[in-house]
1. Residues being of a type in the set (Gly, Ala, Ser) and within 20 Å of A:Ala166 (Cα to Cα): count how many of those fall in the stretch A:184-235.
2. Suppose the filter is among the acidic types (Asp, Glu) and closer than 17 Å to B:Leu33 by Cα; does B:Asp155 pass it?
3. So A:Glu172 ticks every box in (1) of a type in the set (D, E, K, R); (2) away from every other protein chain (no Cβ under 14 Å); (3) closer than 26 Å to A:Arg145 by Cβ but one. Which box is left unticked?
4. Could you tell me whether the stretch B:131-149 includes any residue that is over 19 Å from B:Ser51 (Cα atoms), under 16 Å from the mean Cα position of the chain (by Cα) and surrounded by fewer than 18 Cβ atoms within 10 Å (Cβ to Cβ)?
5. Give me the residue from the stretch B:54-76 that is under 20 Å from B:Ala147 (Cα atoms) and not in a helix (DSSP H, G or I) and, out of that set, farthest from the other protein chains (Cβ to nearest Cβ).
6. What strands (runs of 3 or more DSSP E), lying completely within the stretch A:18-135, carry at least 2 residues that are within 14 Å of chain B (Cβ to nearest Cβ) and not basic (Lys, Arg)?
7. Tell me the residue from B:Thr73, B:Thr66 that is among the hydroxyl-bearing types (Ser, Thr, Tyr), surrounded by fewer than 20 Cβ atoms within 10 Å (Cβ to Cβ) and either without any contact (Cβ under 8 Å) to a residue 40 or more places away in the chain or within 17 Å of A:Pro50 (Cα to Cα) (or both), please.
8. Would you mention how many residues in the stretch A:89-136 are surrounded by fewer than 21 Cβ atoms within 10 Å (Cβ to Cβ), of a type in the set (Val, Ile, Thr) and more than 16 Å from the chain's Cα centre (by Cα)?
Amino acid sequence: MYDEVVPPGAYWTRKLDRWQRLRITDLDGTQSCSLLIYNADQPSERYNAPDTVKVQNQIFLTAGRVLLSDLGRVLCSIVDDTGGHHDTLAGFSDAASVHDAFGDGSYLERRNDSYRNARDNFVMALGRHGLDRRDLVMSFNPFARVTVAPEGGLEWTAGIGAPGAAIELRAEMRVLVAVSATHHVLDPAATYAPGRLRVEVLDAVAPAADDACRTFGDEALRAFANTDDYWEQVS
Amino acid sequence: MTPLLDEIVRPGEPWTGVILAGQRLRIVDVEGLQAVDTLCYDAHDPVNRYSAANTIRAQRQLFLTTGSTLVSTDGDALATIVDDTCGRHDTVGGACSAESNTCRFGHDKRYMHNCRDNFLIGLARLGMGKRDLAPNINFFMNVPVTADGRLDIVDGISQPGAYVEMQADRDTLFVISNCPQLNNPCNGWNPTPIQLVVWDG
């Protein structure tokens, strides 16, 4: 019902109805995608990375897992995932980190190929919804893998970018999504070259009784109980 | 040197205060195994707040200890850990809340004391609120992450009297919850007091 290609470096934002699905495809395999999610009706409820990884005891999320809000509810379920690697820890780039990594990519020199960063993109995207930098939270970064060494070292996993890798998120309430098509903040690429993201919004389909996300475990059952109770109040 | 402040914070209670640039704040885990949930803000621009992601990225390391700088959302140094007798502190576990407790432990845990509520009480004193909450530091909390991504809040390693000491790089507002969690080992199943000591630099 909606199909768009977000150009390299750009941002994109849209609201999704409950059970609509957002499919994001890493067309060029550059892993350049950061994502923020809010409750569209009450944006002070937003994606919470610590609760998401703590409740599920897992920093690597894939199909069957969920993205939780700070109010113990599911914003989005991961219903399909062809690549299997998504980062929950490292956050997103800003002007300083992009400058440090790639140098000066000014509009003066590069016109519309000037270097973009996720923080500015999110400020611009959220601004459309009356939100601002106070509302920025840690992002979910599809297609990238950042591991933790035994003593805590953070390590970027090279060589896993795959053109055509896709992740599909099912909204579990009305959500507001902001996407930044910018380099992952730990991407060691020598030159600035983020890729394109295809964003498709697919029709709402009610989950089946044996839905993998809704039945993943006791924690998921309770998070969905919270979510469905909320939906009864607002729908 | 005579401390500017020497205060006991009982378990389950919030504390707020500004540490001026150059001053040092020591948090003492008096009886050991006590998680201390901590948020930091630029005292003059509280939207510029502690960023767990910027902090761990700057040091390429998940845990905090001596030498770790707490980096803000705008990329500024808020405070630097100058002494640490515990050895490592958590950056990913966040704060307990009524709602996350329902998910993790059951709906009968909704009404238990939790750090999110302490943060809201502390922030309310300052005219701040829920939008100002961010992923926090958990001093003295032990949250290992395995190679395959498994994360657990496990038995603590901080001994009675262990402390962590920070020096403020700029005037920094601290909002602290002395964690009341009783459903996992983050407080050794027995939340206990902490001591806060502030000195001039």
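1. 4
2. The answer is yes for B:Asp155.
3. Failing condition for A:Glu172: (2).
4. no
5. Filtering the stretch B:54-76 for residues that are under 20 Å from B:Ala147 (Cα atoms) and not in a helix (DSSP H, G or I), the one farthest from the other protein chains (Cβ to nearest Cβ) comes out as B:Leu64.
6. A:34-39, A:66-68, A:74-81
7. B:Thr66
8. Residues meeting the conditions: 0.
The values are calculated or read from the model by the stated rules, or taken from the named source; none is laboratory data. All of these numbers come straight from a predicted model, not from anything done at the bench. Ideal geometry is used to build each Cβ from the backbone, glycine not excepted, and the neighbour counts take in all protein chains shown.
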